[in-house]
Structures are given as structure tokens and as C-alpha cells.
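We did not get these values from a lab; they are worked out from the coordinates using the rules stated. Given the structure is predicted, the values throughout are model-derived calculations rather than measurements. Because the Cβ atoms are built from the backbone with ideal geometry, glycine has one as well, and the counts that use them run over all protein chains shown.
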Amino acid sequence: MNIRNRYAKVCLFLWILGMCLAVHPIKAQSVIPVPLKMEQGADYFFLSEKTKLYTNLEGEEARLWENCLQALPVSLKKGSKKDVRQVLSLLITEKNDRLPSPESYTLSVTPRRIIICSTSGAGLFYGMQTLLQLLTPSGTGYSVASVEIEDTPRFAYRGFMLDVSRHFFSKEFVKKQIDALAFYKINRLHLHLTDAAGWRIEIRKYPLLTDFAAWRTEPNWKKWWNGGREYVRFNEPGASGGYYTQKDICEILEYARQHYMTVIPEIEMPSHSEEVLAAYPQLSCSGEPYKNSDFCVGNEETFTFLENVLTEVMELFPSEYIHIGGDEAGKSAWKTCPKCQKRMKDEHLANVDELQSYLIHRIEKFLNAHGRHLLGWDEILQGGIAPNATVMSWRGEEGGIAAITSGHRAVMTPGAYCYLDSYQDAPYSQPEAIGGYLPLKKVYSYDPVSVSLTTEQAKLVYGVQGNLWVEYIPTPEQVEYMMYPRILALAEVAWSAPERKSWRDFHARALKAVRELQAKGYHPFDLKNEIGSRPESVKPVAHLALSKKVIYNSSYSPHYPAQGNTALTDGIRGDWTYGDRCWQGFIDGDRLDVIIDMETVTPIHSVTAAFMQVTGAEVFLPESVTISVSDDGTNFTELEHRTFEVTKEIPIQFTDISWKGNATGRYIRYQAQAGKEFGGWIFTDEIIVK
């Protein structure tokens, strides 16, 4: 064969191959979360009404799978074990090295058949979700690229928390989210059922919880919180709220079971309980409504109430864990309450932290006696953690690490990576949020296993969870906007091995997933229009004061130190959030008062500092700014003094406050004072001198 003919045949082969791939694209890389092992072939399987289904599932598992199979875009006729062509096989098999977990699965696609294997129905379910993501419409059916997949989850707990207290969402909406969450292999739905804004679950022994504590005078949480914060009976004019009946809960739980998802209820205690204490004020320290937010731990009736509530909750929810909150207790009333003080004396408790721990221990013992385990936010560590409790670490990772080092499980959910109520793009382009900036890329970058943990300790990292608090999210559409696609990034964090992750590859898959979610009737953030980081933060800024010494006349907060004493002259400017370790925060005294030592007398033409306002987080622009210069560091000449009207009308903004002109000096003083009306935090990221 001459070279010309050989070349022509090669070109023809490549053209034919290209046409085949154009008609039947290989889509394995579009799977979220990315599988552990995946080898692709060039052929495909054609799924159609002619495809037969064979499974060795039996009993309840087989009945459960009748619902699961409804997700397939075609109806399949039942086949037999003897069928070897055009068959989809779902097979339960023995545990082996390829299937180490009940949720592990293998998926094999050849031109003749599809086989999904697992040791449990859950694993088969996740294999099916992968298969569904691989399907491509093709003629009268669907094509699936040939592929061999071996997959297993990194963590057993892969969670999402939805706050249904601040704004209530229907059972239909919850079920809709279960569809999407399960599709991306999330297996825990944590419902925040109770909080000051409303009690959301029927407890038959305490009807006032749903007749009164579930209803308020204003549908919008922000307006209600900033107004009278009053509750009303369900039948009063203007009553706004809602709750799940026990029948509703059973319906949600059954739907979740069909999607191999566990629903975990949260009943808040001892704090975030204003709604309960308005309905049953005898459970508070004052004995009066609208006075306290914490249960009275010294009152035995408190424990009778909590145990009765939890009994009904456990009768409904089969979950291993019952979440009891435990966060942000004020505890101030306990310090003077005679009943609480007596309890502390009788139980030999040194302080109110130990009094909270007494409540947590006692509730845990009650749950354990009923075969359940206690899950709580990391404040349950205060005063000593209960023996069998699991900690959900939200204030960074420290609480989770402390729990793990003392031998307890932890679910990692630090706010910096897992709080989906933060802005996901440039705040000026987004609906109002509580603050912060958590883009998709940052969520994806999270690793729940701290480098400080040993290999053995790392086994106690039970998993990871994304949380959506809805104070500023009043509609179902906005809930979905904040959830998706960020929860998809967390799904891959929770499921996929770190070495299999690639941000560039995930971003492409997420763009496709957003389009698919939109086609299914969801309302995700449109990732293709993402603006991204604050332009000033992208690269360092050069200026005359770079690396110069900063003298602090008032100290920055230890909670927001940025890079410490060098932060304001390191050339690094902050992104869209004060929590990025570039913005330095001031809360004490008159707030910001610093002197930059330029080392020599220097000609100066401009001095600029940036400030932010995030009203939901009590971060405000300064009320006044004074900029001065000095040759000796003692006697200063004022260059600029400006005052500003601070208002809450603009919930978030970023602004530079500058002086421009001609001056000389060795020392530059920059002062920014807080307003008297709102006070709050002042944040700045760099003082730029030119």
C-alpha cells in the first residue's frame, strides 16, 4: 500500500470516528461528583423501550426500586438472568475490595449491556444517578458511552441543612430539593425546624407551638426582626407562618427514604427559643413572654417539655441523630435566676457554661436511652462535651478538631466554606444576603480533613455539610438560587477522592449542571455570568507605604487580625468579604487609629483607605475620617477631615475614602470613627500612599 492511500484511509477513519463521537458524545466527565475510577471506551449502549431490566433485588428493597426506576426516561420491561443483550442489570453482590461501603457501586456499560453492582440498594441508587447523568438523547432513545466505573464515597455523611424557621417552605418544595440533592449523592437533609422566627413541626402534646408559636405578624423575617418580633394565633388577621403536620413529616420522610436520604430534625435548645417561651413562658427564667431566649435550666418543667417534644420527634424520625442546636446561648438570665443558681449549687457546677453542659448531658442520656445519638453545633463543647455526642463544627474547624481529639465524631461545616447564605458573586450584582463572599471555587477548594489530624483521627471526620440560613432569603426561588450550584461543589468535596478533583474540570461540569437544573425547573445562580472577585484583590498594589511600619493607637480585633501588624501596608487588598483574612476589623473605642512610619520625610500626594458596609453583620462605613501628617510623630497637621451620614438603607457597599493634594511628612495618621447611632465594626484592607 502506498503512503498516499494509507494516509487517505487514516483520514477516513478519523472522520468516521469523529462523526460517531459527534452523534454519541462520551459524557463520563460530566458526572458530579466525579467517580473514583473511570475508564472510557469508544462504543455506546442504546437505551430504549426495547431494553430489558433484570435485578436480583427482593422484598422491600425491590418495591423501593420501583420508585427509583421512574427516574429513567424510558420504561423498561422485566427480563431474566439469561438475557445478555440490551439489558440493564441491577445486582446486589457480596462485599469486596471494589465495594468497600454500602454506598459503593460499580457501573459497566458495553454495547451489549449495562450492569450496576453494589452490596446494597443505596449503592445501586448512586450507580443509577451516575447512569442518569451519562444519558444522551439519541433518536428514539438514549445513548450511553461505554465506560467502566468503580466508585465509593469519601465520607459517610454528606449533608445539606435547610432553615425552614426564618421563612417557611412547603413540603412540596422540600421534596423537590430531595430530588436534586439525591441526584448529586447528598444523603443527609438537616431541617432546622425551630427558632425564634417560628416553630415548624406539629407536637400534639403542645398545641400552642403550632397554633401560636408558628405564626408572626410579618412574613418577611428582616422586617419582623427589626420590628416588634411578636407572634399571633394562626387565625388572627395578618398571621404569617406555617408548619408541617405530622402527616406532612411522614410524607417527606417516605419521599426521602425512596431517595436513600436520611432527614435529621433539629429542635433548638437551650437558646433560639423565643417562640417557645412566648407560648409557654413558664419555661423561661422570668416566667414572662418576650423576656428571654434561653430555656430555664433550673426548672424541671423545662426537661419535661423537652423530653415530651423529643419523644414525638423520635416517633416520627427514624434517623440515628437528633440535632439539638446548642448554639449561641446568651446565658445571662441564668446568672441571676434563683432556679438556675440552685441547680448549679445542687449539681456542683462552676459556671453557666457547665449549666448548659448539664442540659446537653441530660438530653443526650434521654436520647441514648431511646437508641438515638445527639448532634449539636460546636458550642456543645462548652462546659464539657456529652459522652456520645457528635459535633457539627460551624465556627471554623476548631470545634470539630477539639471533638475529634477527644474521641468524638465531627461533621465539618465551617462558615467560611459551607454557609451558602453568603454572597456567591460580586454583592452589587446579587440579591441582598447576610454578608460574606463564598464563590463556587472557594466551596470546591474545601478539604474537611485538617492537616493537623493524624490518620487515625481523620477517621472521626464523619463528613461535611452545607448550610442555608434564610433570614434574607424569603422565596423558594431564592433558596434554589443560593443552593445551586454551590451545593454541587460540596457534593464533590464530600464524595470524591481529593486526587480526583480538578477545579477547571468541575467548573465545566457545573456550567452544564446549571443548564440541566434550569431545564428541570430549578432556579440556580447562572454561573456563566459570574463576575468574580473584587478587582482590587486580584493582584498586589504598589505604593509608597508598602512594608512600612504601622503603629496602632487602637488595636484591631483578634477575631479579624488579617495579617496582623503588617496587614495595612502589605499591598494585599481584600475581596468581597471581611472574613477573607485581608480585611482588618476594628470594634473597640473609636475604631481605626493608626500611624504609618514612612522612615523619612516624604512628598505625599494621596492617602486612601477602603471601607465596607454589610449591615446584616453590623459592619458600617465610618461616620468621620481624619487624615494627618507629621515630621516628628507627635505634632500632626490635619490634611482632611470629612463626615458622612451612615445609614442602613444601603445594605452592602465598598468605598474608598481619600485625601489628595500636596504635603510632606514622615508620619501619616489615619483615623476612622464609628457612628453613634449604629456603632458596629469598621473594616479596612490597605492604606495606600502615593
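Points worth noting:
- Relative contact order of the chain, defined on C-alpha pairs under 8 angstrom at six or more residues apart (%): 9
- Built amide H within the under 5 Å cut-off of Phe525, gap 5+: Tyr484
- Summary of the geometry: region 539-602 and region 122-145, compared by the centres of their Cα atoms, lie 54 Å apart.
- Taking all Cα-Cα distances within region 426-494, those exceeding 15 Å account for 61%.
- Remark: region 23-151 is approximated by an ellipsoid whose semi-axes, taken from the C-alpha gyration tensor as √(5λ), come to 21, 18, 13 Å, largest first.
- Two-site FRET efficiency, Ser75 against His507, from Cβ-Cβ distance with R₀ of 45 Å, rounded to 0.05: 0.80
- The chain, helix-only ellipticity at 222 nm - DSSP H runs n ≥ 4, -39,500 (n - 2.57), divided by all residues, nearest 500: -8000 deg cm²/dmol
- Our coupling estimate for region 287-296, obtained by passing each phi through the Karplus curve with A = 6.51, B = -1.76, C = 1.60 and θ = phi - 60°, is x, 10, x, 6, 10, 10, 10, 9, 4, 7 Hz, Gly and Pro reported as x.
- Acute angle (nearest 10 degrees) that the helix 59-68 long axis makes with the longest principal axis of the chain, alpha-carbon atoms: 70
- Cα centroid separation, region 43-88 to region 606-669 (Å): 68
- Cα shape, the chain, gyration tensor, a/c 1.5 rule: oblate
- Two-site FRET efficiency, Ile551 against Phe678, from Cβ-Cβ distance with R₀ of 22 Å, rounded to 0.05: 0.20
- For region 543-561, backbone nitrogen atoms closer than 20 Å to the point 7 Å from Glu599 Cα along Cα-to-C-beta are found at 543-552.
- The local environment of Ala489, defined by Cβ-Cβ distances under 11 Å, has a net charge of +4 under the rule Lys, Arg +1 and Asp, Glu -1.
- Rounded to the nearest 10 degrees, the angle from helix 246-258 to the longest Cα principal axis of the chain is 60 degrees.
- DSSP beta bridges fully contained in region 157-529 are about 15 percent antiparallel.
- Percent antiparallel among DSSP beta bridges (both partners in region 23-151, rounded to 5): 65
- Using the Cβ-Cβ distance between Ala497 and Glu94 with R0 set to 25 Å, the FRET efficiency from 1/(1 + (r/R0)^6) comes to roughly 0.60.
- Around Ile572: net Lys/Arg minus Asp/Glu count, Cβ-Cβ under 9 Å: -2
- If both residues of a DSSP beta bridge must be in the chain, then about 60% of such bridges are antiparallel.
- On Cα atoms only, tilt of 300-316 relative to the major axis of the chain in degrees: 30
- Of the cross-linked pairs Lys37/Lys78; Lys37/Lys95; Lys291/Lys331, those separated by over 23 Å at the C-alpha level are Lys37/Lys78.
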